[in-house]
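The values are calculated or read from the model by the stated rules, or taken from the named source; none is laboratory data. A quick note: this is a predicted structure, and the numbers were derived from the prediction, not measured. Here the Cβ is made from the backbone with ideal geometry for all residues, glycine too, and neighbour counts use every protein chain on show. These area figures cover heavy atoms from the full protein model, side chains too; ligands, DNA and RNA do not enter into them. Shrake-Rupley method; radii C 1.70, N 1.55, O 1.52, S 1.80 Å.
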Amino acid sequence: MKLEGKVAVVTGSSTGIGLAIAKRYLQEGANTVLTYHTNRCLQSDSDGLYPMKWDYLYLDVTDRTSIRSLFQQVFDKYGGIDILVNNAGINRPADFNLQTDREWDAVTDVCLKGAWRCCQEIDPFIRPNGAIINIGSLSARNAGPRTPSYNAAKAAVEYGLTKCAAKYYAPRKIRVNCISPGVVANEFTEKTMAPWIKTFNQERCLLKRWGTVEDIAGPAVFLASDDSSYITGHVLHVDGGFL
């Protein structure tokens, strides 16, 4: 197993991509901490989790005290953290000229500042040779007129935050990379994407299908494992050839 004995924290993992990544980490032998914010109940497909190796804790990525408390709990139980996946995210679609300051701030506070806060606050808890994986989005390079805040936040995560953090953590051999998913079939996409955009994205994709959450979980294992020990500051596009 590629992650045997490792300790992983996956934010926003009660559903979708985060839950799929957490399940794969468990299958690969990692002690895995899943987190929730508004949705206390795990999705129905959580029955694949291994009861002896996972924790399910509250986390608000907009609150440094909450982040620090979670990392401290994990540290106290396991003695350190090896892997952090910054997956927590929200979207508030609105026409470009109608999106409010409040909507903009809500999205960027979770998607960008939330990942930034976690990258900072894990500093005293993450072990040397660890891995931080940020979850970006196709939206970072394929902007739409109804998601300006989400596009901007994900672009900043991919091309600013990931590379800055990679340089900061490099002396301790801690790798920081980003996975940029294409259109993935999950609850998040269903709620935030218009039907015509879904059709367009599938037709443009070279593989002529939407991605699955499992399509993202595999690369997340790779970037967390020793198989990627010479990769840092990289954005891995997992989009079926969309670009």
Sum of -39500 (n - 2.57) over DSSP H runs of 4+, divided by residues of the chain (222 nm, nearest 500) = -11000 deg cm²/dmol
query = For the chain, modelled as a Gaussian network with Cα springs under 10 Å, which listed residue fluctuates most, K77, K113, K163?
reply = K77
message = Need one number: nm distance between label points at E203 and K113, each 7 Å from Cα along Cα→Cβ, rounded to one decimal.
response = 4.0
query = Where does the stretch 1-141 land on the Kirkwood hydrodynamic radius, alpha-carbon pairs, in angstrom?
reply = 15.5
request  = Have a look at E28, E187, E158 and tell me which one the Gaussian network model of the chain (Cα, springs below 10 Å) gives the largest fluctuation.
outcome  = E187
remark   = The long-range amide H neighbours of V9, using H built 1.01 Å from N in the peptide plane and a cut-off of under 5 Å, are V33, I83, L84, V85
ask   = How much area per residue is accessible in the chain when the probe is 1.4 Å and only protein heavy atoms are counted (Å²)?
value = 47
ask   = Per Stokes-Einstein, at 37 °C and 0.692 mPa s, what whole-number D in µm² s⁻¹ belongs to the chain, with the Kirkwood radius over Cα pairs as the hydrodynamic radius?
value = 184
task = Kindly write out, for the stretch 79-88 in residue order, the coupling ³J(HN,Hα) from the Karplus curve 6.51 cos²θ - 1.76 cosθ + 1.60 (θ = phi - 60°), rounded to whole Hz, with x marking Gly and Pro.
result = x, x, 10, 9, 9, 10, 10, 8, 10, 3
query = HN-Hα J couplings of the stretch 129-137 from phi, Karplus 6.51/-1.76/1.60, θ = phi - 60°, integer Hz, Gly and Pro as x?
reply = 6, x, 9, 10, 10, 8, 9, x, 5
remark   = Length gained, K53-L243, 0.36 nm per residue minus C-alpha separation, equals 64.6 nm
ask   = For the charge dipole of the chain, defined by +1 on Lys and Arg C-beta atoms and -1 on Asp and Glu C-beta atoms about the Cα centroid, which residue among G130, Y25, A170 has the Cα displaced farthest towards the positive pole?
value = A170
message = If I take the Cα coordinates of the stretch 120-243 and project them onto the principal axes, what are the three extents in Å, biggest first?
response = 46, 28, 23
ask   = Among the lysines in the chain, how many pairs, 8 or more places apart or on different chains, have alpha carbons under 16 Å apart?
value = 13
ask   = When the chain is modelled as a GNM with alpha-carbon springs shorter than 10 Å, which of S139, S149, S228 fluctuates the most?
value = S228
remark   = Correct semi-axes for the stretch 60-191, from √(5λ) of the alpha-carbon gyration tensor and rounded to whole Å with the largest first, are 28, 16, 13
note = Spelling it out for L57: with amide H atoms placed in the peptide plane at 1.01 Å from N, the residues 5 or more places away or on another chain with amide H under 5 Å from its amide H are L34, T35, Y36
task = For the chain, calculate the relative contact order in percent as a whole number, restricting contacts to Cα pairs under 8 Å that are 6 or more residues apart.
result = 20
task = Would you grab the residues whose amide H sits under 5 Å from the one on G136? Only those 5+ places off in sequence or on another chain, please, with H modelled 1.01 Å from N.
result = I179, S180
request  = Grab the other residues whose beta carbon is less than 13 angstrom from that of V176, score K and R as +1, D and E as -1, and report the net.
outcome  = +3
inquiry  = If you fit an axis through the alpha-carbon atoms of helix 64-78 and take the longest principal axis of the Cα set of the chain, what angle between them do you get, 0 to 90°, nearest 10?
reply    = 40
task = Go through the stretch 54-62 residue by residue and turn each phi into a ³J(HN,Hα) via Karplus (6.51, -1.76, 1.60, θ = phi - 60°); whole Hz please, and just put x for glycine and proline.
result = 10, 10, 10, 10, 6, 8, 10, 6, 8
inquiry  = Per residue, how big is the convex hull of the stretch 1-40 when only Cα atoms are used? Give it in Å³.
reply    = 48
Whole-percent carbon and sulfur share, accessible surface of the stretch 108-154, 1.4 Å = 54
